[in-house]
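Student: One structure, pasted below without further comment.
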Amino acid sequence: MATPPVFSSGAVLTAAQMNSVGMWLISKTTIGSAVATVTTGTVFSSDFDNYRVIIRGLRSSVASELLLNFGATTTAYYGSIYFDAYTGASTGTARRNNGANLYICQLEAFLSENFTSFDIANPNLALSTSISGTYYGNTYSGWFGGTQASTTQFTTLTVKPSSGTLTGGTISVYGYRSS
């Protein structure tokens, strides 16, 4: 097993030490109060081919789905989400076939414990962009995957509820090397 580097205040780091860092925090976006959409700043670039996104502490004004878009693109999304209620009340799937966005989470009204984590491959390359992840909340958990099938090179991502508004939480974007 690899040993993570240990950094000390004031130490000069070598290129080898810096290159061994597994993930690099690119952006942390704080979600405001009662917002309909949240768009990150520029987070995707030629620096990394792959990214990890963590959304936590999100609250929704109504039960709905959390949706994802890359840039301003609203076509060519293909994917599915599986969800299961811990109570056994509902289990299901939702699919996108050339849709306007991807499902990434089931939101519950006023939930403050939502956690969603997913990987993104190729968002800033002239290739299709793929995602795969999991989520959990107060009642629902599940997983999702999909692709944005165009060859657009994206720099931002947007999340929004299918209805209602979002309050609180953060979206952290990390870049990581695949080799």
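The values are calculated or read from the model by the stated rules, or taken from the named source; none is laboratory data. Everything numeric in this text was worked out from a predicted model, so none of it was measured. Reconstructed Cβ throughout: ideal geometry from the backbone, glycine too, with neighbour counts over all protein chains shown. Accessible surface areas use protein heavy atoms only, side chains included; no ligands, DNA or RNA. Shrake-Rupley method; radii C 1.70, N 1.55, O 1.52, S 1.80 Å.
Student: Given the structure, is Phe48 open to solvent by 30 Å² or more (accessible area, probe 1.4 Å), within 17 Å of the chain's Cα centre (by Cα) and among the aromatic types (Phe, Trp, Tyr)?
Tutor: Yes; evaluated as a whole, the condition is true for this residue.
Student: Please name all residue pairs, on different chains or six or more residues apart, with Cβ atoms under 6 Å, provided the first residue is in region 151-162 and is farther than 15 Å from Pro123 by Cα and the second residue is part of a loop (DSSP other than H, G, I, E, B) and open to solvent by 60 Å² or more (accessible area, probe 1.4 Å).
Tutor: Partner pairs satisfying both residue conditions: Lys160/Thr37.
Student: Of the residues Val12, Val43, which single one is among the aliphatic types (A, V, I, L, M) and open to solvent by less than 70 Å² (accessible area, probe 1.4 Å)?
Tutor: Val43
Student: Does Gly79 satisfy being in a strand (DSSP E or B) and over 14 Å from Val159 (Cβ atoms)?
Tutor: Taking the combined requirement at face value, the residue satisfies it.
Student: Select from region 112-125 the residues that are modelled with pLDDT of 95 or more and assigned to a strand (DSSP E or B) and write down the one among them that is most open to solvent (accessible area, probe 1.4 Å).
Tutor: Asp119
Student: In region 85-106, which residue that is of a type outside the set (Gly, Ala, Ser) and surrounded by fewer than 18 Cβ atoms within 10 Å (Cβ to Cβ) is farthest from Gly133 (Cα to Cα)?
Tutor: Looking at residues that are of a type outside the set (Gly, Ala, Ser) and surrounded by fewer than 18 Cβ atoms within 10 Å (Cβ to Cβ), I get Thr87.
Student: Taking Ser178, is it open to solvent by less than 40 Å² (accessible area, probe 1.4 Å) and either in a loop (DSSP other than H, G, I, E, B) or within 18 Å of Ala63 (Cα to Cα) (or both)?
Tutor: Taking the combined requirement at face value, the residue does not satisfy it.
Student: Does Tyr136 satisfy the criteria of being of a type in the set (Phe, Trp, Tyr), under 14 Å from the mean Cα position of the chain (by Cα), surrounded by fewer than 22 Cβ atoms within 10 Å (Cβ to Cβ) and under 30 Å from Asn19 (Cβ atoms)?
Tutor: The answer is no for Tyr136.
Student: Considering Ala72, Ala109, which residue is under 17 Å from Tyr136 (Cβ atoms) and either of a type outside the set (S, T, N, Q) or surrounded by 17 or more Cβ atoms within 10 Å (Cβ to Cβ) (or both)?
Tutor: Ala109
Student: Could you list all residues from region 12-34 that are more than 29 Å from Pro161 (Cβ to Cβ) and aliphatic (A, V, I, L, M)?
Tutor: Passing the criteria: Val12, Leu13, Ala15, Ala16, Met18, Val21.
Student: Quick check, is Gly41 in contact (Cβ under 8 Å) with a residue 60 or more places away in the chain, out of contact with any Asp or Glu (no Cβ under 7 Å at 6 or more places or on another chain) and farther than 14 Å from Tyr135 by Cα?
Tutor: yes
Student: Sticking with this one: Checking the condition outside any strand (DSSP E or B), closer than 22 Å to Ser27 by Cβ and either among the β-branched types (Val, Ile, Thr) or touching a Gly at 6+ places or on another chain (Cβ under 9 Å) (or both), which residue from Thr152, Thr134, Thr87 passes?
Tutor: Thr152
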